[in-house]
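Participant: Below is one structure. I have some questions about it.
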Amino acid sequence: MEQLASRMNARSQDLMEPLLHVTPFSIQIEADVLSDLRQRIRNTRWPDQAPGAAWEHGTDLAYLRRLLAYWADGFDWHARERELNAVNHFRADLDGVHIHFVHERARRGRGIPLILTHGWPSTFVELLPLVPFLTDPDAHGIDGPAFDVVIPSLPGYGFSERPARTGVNYQHVAGLWHRLMRGLGYERYGAQGGDFGAGVATFMALTNPQPMVGVHLSNLEISPYTGPGARPLSAAEKAYRAINEAFWQDEYGYKAIQSTKPQTLGYGLNDSPAGLAAWILEKWRAWADSRGNLDERFSRDFLLTTVTLYWVTQTIASSMRDYFDNDNRRFRIALGPHDFVNVPTGIAVFANSFVDEGQPPREWAERLYDVRRWTPMPRGGHFAPAEEPELLAHDIAAFFGGL
């Protein structure tokens, strides 16, 4: 493992000249921003109660009232801020755009460089629970290599800027991440992600496989080519596609507006804490292995840390542009019959990612990836790094350790 990590790290960071303009960063939200947030929460104009069962029409009114009462008068942002600042934050200048990232090195010896990418409606905070397991596996009973972990915020999320143009898609971000890793002195590295992060990791391997030692995914974001010349679908693949299509008929509303008119939605969400929390947390409930109970799966402090980051950075509108740039039919990247990820790939299949969407069979993934490890997980959902960090870290270590 030490030799593998040594090959990943071509030169000592202490001896190399800086390849990027990187500056240390600390999260510090001004008091007047937080005071304004609390006042807006207290002044919320609530809608009437929807008929039917709780959550059937969207975010439940009683749940949101309780949560916002805590957000205004119980949630301690400064305590959360101190916790977040316990890891090393930086910002890098990439093409004139400042990209925020966390960079934590292996606790002992050289680590395998690994860039982890989140998705929507998430932030870098979802991935932080993985850091101790990956940087110090011995201390957590993990039989595998240690990692140098890089966790960037996607462009337009949190403390990362987004270019003021269209086309900031998976492929564009993949190029930025390659530049970031090379700029940090890594010549060989792996990538891991879920949701949009899985798409970025896939395009890192598709467009520039040479520096990639491996790709690990916690869900499948990119559909393989199934057009003329592709092998016929298996029975399991047909069943998966049918379940998937039925699921998205009920769930597609948010994606339809975010991929066509995200700015219109952004006005309301950027101005209303209640609207922002309702929009984000409805997805965390539906996509996590929560059994319909967010409080059972996540602490209120964790959920409100995520929502507060969107609020104080005013990035909900810019984050939703990921759907415009990746899913709008005018810009969507269609894979062809020869697009294939030849980089070794590990996939952790979480049983409750996108509840009721159905789980893909391995042969579906093998249409696009060189699948070396396929791990059905006993629990966990779409936000696996926050839900089941130890399970996911074990699988990441086993995959890269086995290459």
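The values are calculated or read from the model by the stated rules, or taken from the named source; none is laboratory data. Bear in mind that the values here come from a model prediction, so they are computed numbers and not experimental data. Because the Cβ atoms are built from the backbone with ideal geometry, glycine has one as well, and the counts that use them run over all protein chains shown. Calculation scope for accessible area: heavy atoms of the full protein, side chains included, ligands and nucleic acids excluded. Shrake-Rupley method; radii C 1.70, N 1.55, O 1.52, S 1.80 Å.
Participant: Any chance you could run the full-extension gain for TYR252 through PHE302? It's 0.36 nm times the residue separation minus the Cα-Cα distance, nm to one decimal. Before the final figure, lay out the partial values.
Facilitator: Working: separation 50, 0.36 × 50 = 18.00 nm, distance 2.61 nm.
Working it through step by step, the gained length comes to 15.4 nm.
Participant: Not counting the cut sites, what is the longest span of the chain without GluC sites (Glu not before Pro) that DSSP labels loop and that have at most 13 other Cβ atoms within 10 Å?
Facilitator: Counting at most 13 other Cβ atoms within 10 Å as exposed, the longest clean stretch of the chain is 57-403.
Participant: Quote the accessible area belonging to ASP143 in square angstrom, nearest 10, computed with a 1.4 Å probe and with ligands, DNA and RNA left uncounted.
Facilitator: Roll a 1.4 Å probe over it and ASP143 shows about 150 Å².
Participant: Would you tally the net charge around PRO47, using a Cβ to Cβ cut-off of less than 12 Å, leaving PRO47 out, and scoring K and R as +1, D and E as -1?
Facilitator: 0
Participant: Order the following by accessible area, largest value first: ARG38, ARG372, ARG285. Probe radius 1.4 Å; ligands, DNA and RNA are ignored.
Facilitator: From most accessible down to least: ARG372, ARG38, ARG285.
Participant: Determine the relative contact order of the chain: mean sequence separation of Cα pairs under 8 Å and six or more apart, normalised by residue count, in whole percent.
Facilitator: Values: 714 pairs, mean separation 80.5, N = 403.
After rounding, I find 20 percent.
Participant: Excluding ligands and nucleic acids, what accessible area in Å² is computed for LYS261 using a 1.4 Å probe, to the nearest 10?
Facilitator: Accessible area of LYS261: about 120 Å².
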